[in-house]
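S.K.: Structure in structure tokens, see below.
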Amino acid sequence: MALAASYMTLAPKYCCVQKRPFIITSGLSSAFKPILRALPQIPLQIDASKTFTDIKSKFLNAVVDSAFEFVDQLVLPSQSNFAPVEELGEAVAITNIEGDIPDHFPEGVFIRNGPNPLFGGLKSSKSILGRTNSVWVEGEGMLHALYFKRESDGCYTIVYNNRYVETETYKLEKQSAKPLFLPAVKGDSLAVLSSMLLNGLRFGQLNKDYSNTNVFEHSGKFYSVSENHMPQEIDIYTLSTLKYWDVNGACNRPFASHPKKVPGTGELVIFGVDATKPYLEIGIVSADGKELVHKEDIKLDRCSLCHDIGITSRYIAILDLPLIVDSNRLLKRGPLIKYEKEKYARIGIMPLYGDEKSTQWFEVEPNSTFHIINSFEDGHEVVLWGCRALDSIIPGPEDGLNESTMFSRCYEWRLNIKSGEVKEKYITGPEQFMDFPVINASFTGIKNRYGYTQVVDPAASYAADIPKYGALAKLYFREPCSEFPKGDTQQKPIRVEYHRFERNVFCTGSAFVPKEGGIEEDDGWIITFVHNEDTGISQVHIIETKKFSGEAVAKITMPFRVPYGFHGAFMPLSL
């Protein structure tokens, strides 16, 4: 238990507040820049340390305090495990394990990001202008980490810790001990508009930096990220937040949550969406993480919420889909974010060091796709596999989640660079709803045989108005489903194998863990957080991918509840 003891002695290391200006750069936050530019008497850069001592700021705070009321958003019983938890303060040793950690399971950390709202939960605001609501994907980021240390006798010491990602806006509200930022994404249009304006005038940005979506590694450093701001570098051992990562000052835009490494070179392709031009920029960071070696404005004519991209050794695949951020809609009493299914959808294939002129665009059927499973080259074609829906789960339905069109199915696009032809089709069956895909990362950008997804439980999701995942799936991309009639194998769904949880048990943050010394692509395990809503117990399950439908080889009971979250990753480390 040496590792556990060392963690127990560590006092929390909260990083000091940096005296840095808040600059309006975030994606959703920048939607209101034109109005702010029309107010020259208010500087666009506001030093957060002076905000609360400035008479003007005190006046604006008084306006908010008197005219706006923060209220708790309703939490349904079926949403209980979306509620936030407290920080532990120090790491805790894990002792309750059913089964065994398998041989050749690597040392390292299983880490998952997710929303953990301050002050007890998500907030709405009420005023004479109407109501604004927080969207279910909002909430301050909290990291949940499970550390696996292999001792000399082959046994494992396991330690758990959690910690908030300490963005600048987290520090502001934590210091004030009350909500400060008005919800400014969803609600009555005039209320959203006024909330954006007041947030901008008071804090220099229009929404909070959540950093609640993903964790990634580049050049031995680790980062927490979400769509609306730059990543935060974290200490992977203590979960302390270190600093914003702007690639040595070269990048002042938001990063989207799924940067991709270029096969063979180790370079990192980053991209960021903004609500004012340039709407989308693509960048390439050197393999050592020190330099932004390439940056291009793709010159889109709309702000399409692009959450993921595809990568091959020669190309970058860009999704330009009709989930659109448009602040002009607010002036017409419409929503800020809307899926416009009647608008065009296209996929751009850009050479790795290309620009908007060298990007070849392919018109595809309108859809909402947040996650790419993998992409690769096959002759003259660039092939993308993704999780595609016919509507968007973000910002969320006004009348509740009650249609399966918001759930995604696995899909294939084949884009012929030479002829311009597009071929697209579903590759899983009509009732197989899946998302949050992962693969063996060694096969990113090259043709692979297997993928893994979380499987939607429609009934539980309808009851909660939020997606819940009651199973895992292993996708066999090169094997047709044997249950369908014989015929054209090109049109058959692929084979899918399931690992199902018990009733009212749901998973989040699944990640692939490659076997040490493994030879085949599926030599390894899927590791995932699970929660039993009947017992209130949270666990981590380890499932052998070659015996996927069988029992988990290890079930690790957590000493505290772990809320549902978003993306997880396994980082091999020497502990």
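S.K.: Every residue in region 141-159 that is outside any loop (DSSP other than H, G, I, E, B) and of a type in the set (S, T, N, Q), please. Don't jump to the end; show me each part of the working.
M.R.: Narrowing region 141-159 to residues outside any loop (DSSP other than H, G, I, E, B): 141-150, 156-159.
Passing the criteria: only THR157.
S.K.: Can I ask one more? Look at SER461 and say whether it is among the polar types (S, T, N, Q) and in contact (Cβ under 8 Å) with a residue 40 or more places away in the chain. It would help to see each step written out before you state the result.
M.R.: Values: among the polar types (S, T, N, Q): yes; in contact (Cβ under 8 Å) with a residue 40 or more places away in the chain: yes.
Criteria met by SER461.
S.K.: Looking at region 432-439, can you tell me whether even one residue there is charged (D, E, K, R) and at pLDDT 95 or above? Lay out the reasoning, then the answer.
M.R.: Initial filter on region 432-439 (charged (D, E, K, R)): 435.
Those still in the list that are at pLDDT 95 or above too: 435.
Yes; the residues of region 432-439 include at least one that is charged (D, E, K, R) and at pLDDT 95 or above.
S.K.: Taking strands (runs of 3 or more DSSP E) that fall entirely within region 75-138, which contain at least 3 residues that are touching a residue at least 12 places away in the same chain (Cβ under 8 Å), of a type outside the set (A, V, I, L, M, F, W, C) and in contact with a strand residue (DSSP E or B) (Cβ under 7 Å, 6 or more places away or on another chain)? Quick ask: steps written out before the conclusion?
M.R.: Details: elements: 97-99, 108-112, 123-127, 130-133.
Answer list for region 75-138: 123-127, 130-133.
S.K.: With (1) of a type outside the set (A, V, I, L, M); (2) assigned to a loop (DSSP other than H, G, I, E, B); (3) open to solvent by less than 10 Å² (accessible area, probe 1.4 Å) as the list, and SER538 as the residue in question, which single condition is left unmet?
M.R.: (2)
Per-residue answers, yes or no, for (1) more than 18 Å from the chain's Cα centre (by Cα); (2) under 19 Å from LEU305 (Cα atoms); (3) surrounded by fewer than 18 Cβ atoms within 10 Å (Cβ to Cβ):
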| residue | (1), (2), (3) |
| --- | --- |
| SER368 | no, yes, no |
| ILE373 | no, yes, no |
| PHE376 | yes, no, no |
| LEU384 | yes, yes, no |
| CYS387 | no, yes, no |
| SER392 | no, yes, no |
| PRO395 | no, yes, no |
| ASN402 | yes, no, yes |
| MET406 | no, yes, no |
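S.K.: Restricting to region 169-226, name every residue that is surrounded by fewer than 22 Cβ atoms within 10 Å (Cβ to Cβ), of a type in the set (A, V, I, L, M) and in contact with a Gly (Cβ under 8 Å, 6 or more places away or on another chain).
M.R.: Listed by number, the list holds a single entry, LEU190.
S.K.: Another question, then. Identify, from the list GLU412, GLU424, the residue that is assigned to a strand (DSSP E or B), within 19 Å of PRO366 (Cα to Cα) and open to solvent by 30 Å² or more (accessible area, probe 1.4 Å). Step through it out loud before you land on a result.
M.R.: Working: GLU412 fails: open to solvent by 30 Å² or more (accessible area, probe 1.4 Å).
The match here is GLU424.
S.K.: For ASP522, which of the numbered conditions (1) in a loop (DSSP other than H, G, I, E, B); (2) loosely packed, with under 15 Cβ neighbours inside 10 Å fails to hold?
M.R.: (2) is the only condition that ASP522 fails.
S.K.: Let me ask you something else. Can you tell me which of (1) within 22 Å of ARG346 (Cβ to Cβ); (2) hydrophobic (A, V, I, L, M, F, W, C); (3) open to solvent by less than 20 Å² (accessible area, probe 1.4 Å) is the one VAL262 doesn't meet?
M.R.: For VAL262, the failing item is (1).
S.K.: Charged (D, E, K, R) and either at pLDDT below 95 or in contact with a helix residue (DSSP H, G or I) (Cβ under 9 Å, 6 or more places away or on another chain) (or both), is that true of ARG449?
M.R.: On the way: charged (D, E, K, R): yes; either at pLDDT below 95 or in contact with a helix residue (DSSP H, G or I) (Cβ under 9 Å, 6 or more places away or on another chain) (or both): yes.
So ARG449 passes the test.
S.K.: Those residues that are closer than 20 Å to ILE316 by Cβ and in contact with a Ser or Thr (Cβ under 9 Å, 6 or more places away or on another chain), I need them from region 368-380; list them, please. Even if it seems obvious, please write down each step before you answer.
M.R.: Filtering region 368-380 down to residues closer than 20 Å to ILE316 by Cβ leaves 369-380.
Result: THR369, PHE370, HIS371, ILE373, ASN374, SER375, PHE376, GLU377, HIS380.
S.K.: Continuing with this model, one more query. Just the residues that are among the small types (Gly, Ala, Ser) and either under 30 Å from THR132 (Cα atoms) or assigned to a strand (DSSP E or B) (or both), please, taken from region 296-352. Spell out the reasoning first.
M.R.: Step one: list which residues in region 296-352 are among the small types (Gly, Ala, Ser), which gives 304, 310, 313, 317, 327, 334, 345, 348.
Result: SER304, GLY310, ALA317, SER327, GLY334, ALA345, GLY348.
S.K.: Here are ALA93, ALA145: which of them is over 23 Å from the mean Cα position of the chain (by Cα) and among the small types (Gly, Ala, Ser)? Break it down into steps so the answer makes sense when it comes.
M.R.: Values: ALA145 fails: over 23 Å from the mean Cα position of the chain (by Cα).
After applying the criteria, what remains is ALA93.
S.K.: Please tell me if ALA463 is surrounded by fewer than 18 Cβ atoms within 10 Å (Cβ to Cβ), among the small types (Gly, Ala, Ser) and under 30 Å from SER134 (Cα atoms).
M.R.: Numbers: surrounded by fewer than 18 Cβ atoms within 10 Å (Cβ to Cβ): yes; among the small types (Gly, Ala, Ser): yes; under 30 Å from SER134 (Cα atoms): yes.
Here the answer is yes, as ALA463 does meet what is asked.
S.K.: How many residues are closer than 30 Å to ILE337 by Cα, part of a loop (DSSP other than H, G, I, E, B) and of a type in the set (S, T, N, Q) when one looks only at region 215-264?
M.R.: Number of matching residues: 4.
S.K.: Oh, and also: How many residues does region 117-163 hold that are more than 20 Å from VAL75 (Cβ to Cβ) and in contact with a helix residue (DSSP H, G or I) (Cβ under 6 Å, 6 or more places away or on another chain)?
M.R.: Residues meeting the conditions: 6.
S.K.: Which of (1) under 29 Å from LYS338 (Cβ atoms); (2) among the polar types (S, T, N, Q); (3) touching a residue at least 60 places away in the same chain (Cβ under 8 Å) is the odd one out, the single condition THR169 does not satisfy?
M.R.: All conditions are met except number (3).
S.K.: Also, I was wondering about something else. Kindly indicate whether ILE439 is among the aliphatic types (A, V, I, L, M) and free of Cβ contacts under 8 Å to residues at least 24 places away in the same chain.
M.R.: Numbers: among the aliphatic types (A, V, I, L, M): yes; free of Cβ contacts under 8 Å to residues at least 24 places away in the same chain: no.
Answer is no for this residue.
The values are calculated or read from the model by the stated rules, or taken from the named source; none is laboratory data. As the structure is a computational prediction, the values presented were derived from the model and not from experiment. Here Cβ is always computed from backbone atoms with ideal geometry, including for glycine, and neighbour counts include all displayed protein chains. The area values use the complete protein model at the heavy-atom level, side chains included, leaving out ligands, DNA and RNA. Shrake-Rupley method; radii C 1.70, N 1.55, O 1.52, S 1.80 Å.
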